[in-house]
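Any read-out appearing in this document is the output of simple, stated calculations on the displayed coordinates, not a laboratory observation. The shown structure was predicted, so the numbers you read here are calculated from the model rather than taken from an experiment. Please note: Cβ atoms are built from the backbone with ideal geometry, for glycine as well, and neighbour counts cover all protein chains shown.
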Amino acid sequence: MNLHPAPGMLWAALRFPDLSLQLYLRGGDSPAPAIVQETGNPPRVLSCNDAAAKTGIKPGMAVSAAHALTPTLRIRTRDPAKEAKALAGIAAWATQFTPTVSLASSNEILIEISGCQRLFGGLRPLSGRIRAGLADLGYRATVVLAPNPTAALLLARDGVDTSIDDRHALRRTLARLRLTRLDQPAQTIALLANLGVHTIGDWLSLPRDGLARRFGQGMLDEIDRALGLLPDPRPPFSAPPRYSASLELPAPVQETEPLLFAAKRLVLELAGHLAMRQAGITRLRLELQHAHHAPTPVLLGLSMPSRDAGHLVTLLREKLAPVRLPEAVETLTLVAGETRPLGSHNQALFADGRPPREERWHIVERLRARLGVHAVHGLETFPDHRPERAYRRTLPGQAADGKCELQRPLWLLPQPRRLHPGDSLVAMDTPLVLLDGPERLESGWWDDFDVKRDYFVVRDSAGAKVWLYRERPDGRDWFVHGVFA
Amino acid sequence: MSALQSILQNPAIWRGNEQARVALPSIPTGFPELDSELPGGGWPRGVVSELLTERRGIGELSLLMPALAELSRQDGWLMLIAPPWIPYAPALAAHGIRLSRVIVANTASDKDTLWAAEQSLRAGNCPAVLAWPAGVNEHVLRRLQLAAEEGGSFGVIFGEAMRAALPSPAPLRLRLGVHQDRLSVKILKRRGSGLTPTLWLDTEKKKTVMTPPPVRFRQPIYASA
């Protein structure tokens, strides 16, 4: 009986009272009346949103009655498999706070936070962060902090956010808790109610051995665990190695912004998942599912791994904007592709206002997302005498710094251009002035790009400095190849 | 008299007949004559500057090279957005620019050019953003200016000299021309003070080996053996 929980343990219970309904509502922010029905005969309303409740719909009502009250009602059927998947998604997201995450039931998650509260600046900021994070994911939860998981769960079932971190306060609070919150058979609870035992406080005032004999050891143990008198191990949740999740939209959507609103929910979940793995994503696939057409894929490739939800959503916006949808979208699926290790960066003691190094890549990614992967590039020199081969395009930021001792123009024309009177680039009202040259370049006989040229630096009549060449040995024509600018 | 002098020493007093010395974050242009005429003593950061040229290729890039070389030592990108031709890597390297910092963004439309310029100016990690839009108007320039203020970039928008007559919200506007081998820089607008006479700059300080005497071009200037 003297088994005490490890000192300083603190558990948060996240309870999602109407997960089945939240699943369908998190993809949008429209307040249209909606319900989730439970299959049966007749089908009954399992839960309803505020808009539906205002019209008089209540859980437990027959769906036909609810429909009569609100003809525009959106009706979805409960899908436990989807709920389980959603809960696993939340659990994966929660692993960014602490490695100790456990699925307690079909709509409850437990996380152990004593080890990480320092990191997040104390209990209050941490629980605030968890709450705000859940709201960003589109979920509404009761969050209860208590020194052991059973107590946290039982209190969360009361539907009130509380935070208890000392044992005496816990005992006082639990004493007021109704026995109906326990995981015990309804007959047992009803029997106890007949005896006038309604709360844990009532229960604790009765002799233990008699209670054990009449109601079994199980109930005694559950209450003892809640009081921290028995060890309370929980099976750990392990997140799947690769993230993928779907989100069903409350109503079909064709516009970009509502789609992004929903996509952001999934991206945030992904970001939490990646934070736990100390990884960043380099490939991401967003699939837009339609009722009748094949899904529209939106692919994102990043040159630097990232797990910054804001950044990823911005990139998706650029990718999504030009996409032509054949039909409204009903469901979004986000599949994480390749990930690469990405450590969290140290925060500067004295913020110098400069963005961290990873953020340098955000602008590059944004430009590439909208302008195309090949439109945005770096430049480097290449050791070749032929001007066309003396530079190379590189991936952004991958160029070597390079050196050059030669006199070369700042602009190179994509194609050398035959010089003719009235050229728009070279003004020839008066004779051109030779500034430098010739510089003879002969190279490339070994590949298919043989160059035999004499290059000249010339000033034209309007004062611009241009780079001309003439083919050797007997070319008559002059070509413009660059502008010194 | 001495009382007046001591009052005038007070930095809070601005004398309209002199060029205002404002503490603007700036980057030296590399041309002392030009630096002394620019409000912060160099190219202003957090500002969009308009460079209006009578023709392209007269030295507008050489004018920026010393500052860009300096900025390429800093963290972040030098963005070249919608350049009219290929920015030639060997020449950039010869001017001392760290090529690993240079990013070229080619665009398919003027809308994309302005979008990319605005994003880059705002990003806060592009010390220099050079853009060659086909056309700009007052509204667009104002947006770019706001973005530059936010990101602290040295933004340069290249345009045609014809625009000089049109109003512009850009705090610094220069018109560039060329005569003989010298670049003429006319400050059309700057913060703090009025107009200046045209400056003549020599953008090619380090002359390369032996400049041959001017030759009339119509005759063959080089006869191959």
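Structure summary
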read-out	value
The range A:1-85 - Rg over Rh from alpha carbon coordinates, Kirkwood radius	1.21
Nearest-0.05 FRET efficiency for A:Lys82 and A:Arg417, computed from C-beta distance (R0 51 Å)	0.20
Neighbour-count order for A:Trp411, B:Trp200, fewest beta carbons within 10 angstrom listed first	B:Trp200, A:Trp411
Overall form of the range B:40-130 per C-alpha gyration tensor (a/c, 1.5; a/b vs b/c)	rounded
Square roots of five times the Cα gyration tensor eigenvalues for the protein assembly as shown, Å	70, 29, 24
Potential lengthening between A:Arg386 and A:Ala132 on full extension [0.36 nm per residue; Cα-Cα distance subtracted]	85.5 nm
Inter-probe distance in nm under a simple model that places probes 7 Å from Cα toward Cβ, at A:Ala400 and A:Asp29	5.2
Cβ-Cβ FRET estimate between A:Ala321 and A:Asp158, R0 fixed at 35 Å, reported to 0.05	0.15
20 °C / 1.002 mPa s Stokes-Einstein diffusion coefficient of the range A:355-485, Kirkwood radius on C-alpha pairs, µm²/s	126
Whether the range A:84-166 is rounded, prolate or oblate, judged on the alpha carbon gyration tensor where a/c under 1.5 counts as rounded	rounded
Quotient of Cα Rg and 2.2 N^0.38 Å for the range A:122-177, N being how many residues it contains	1.16
Volume in Å³ per residue [convex hull over Cα atoms, computed for the range A:183-272]	195
Taking B:Leu146, B:Leu63 and counting other C-beta atoms within 10 Å, the order from fewest to most	B:Leu146, B:Leu63
Helical segments meeting 24 Å axial Cα length and Kyte-Doolittle 0.5 threshold in chain A (DSSP H)	A:256-277
Too-long pairs where the Cα-Cα distance tops 22 Å, listed order kept, from A:Lys465/B:Lys186; A:Lys319/B:Lys111; A:Lys85/A:Lys264; A:Lys82/A:Lys319; A:Lys82/A:Lys264	A:Lys82/A:Lys319
Sites A:Val373 and B:Lys111 - FRET efficiency at Förster radius 25 Å, r taken between beta-carbons, to 0.05	0.80
Ellipticity estimate at 222 nm from DSSP helix runs (n ≥ 4, -39,500 (n - 2.57)) divided over chain A, nearest 500	-9000 deg cm²/dmol
P(r) histogram, all alpha-carbon pairs of the range B:51-102 included - 5 Å bins from 0, percent	4, 19, 30, 28, 14, 5, 1
Radius ratio Rg over Rh of the range A:40-118, counting only Cα atoms, Kirkwood formula for Rh	1.17
Test item: A:471-480 mean partner chain Cβ contacts at 10 Å	1
Fewest-first ranking of B:Ser153, B:Ser109, B:Ser26, using other Cβ atoms within 10 Å as the exposure measure	B:Ser109, B:Ser26, B:Ser153
Dipole of the protein assembly as shown, positive end: most advanced residue of A:His273, A:Leu406, A:Ala369 [Cβ charges, Cα centre]	A:His273
Charge dipole (debye, nearest 20) of chain A; +1 at Cβ of Lys and Arg, -1 at Cβ of Asp and Glu	1020
Projected label distance in nm at B:Ala165 and A:Leu206, using a 7 Å step from Cα toward the beta-carbon	10.0
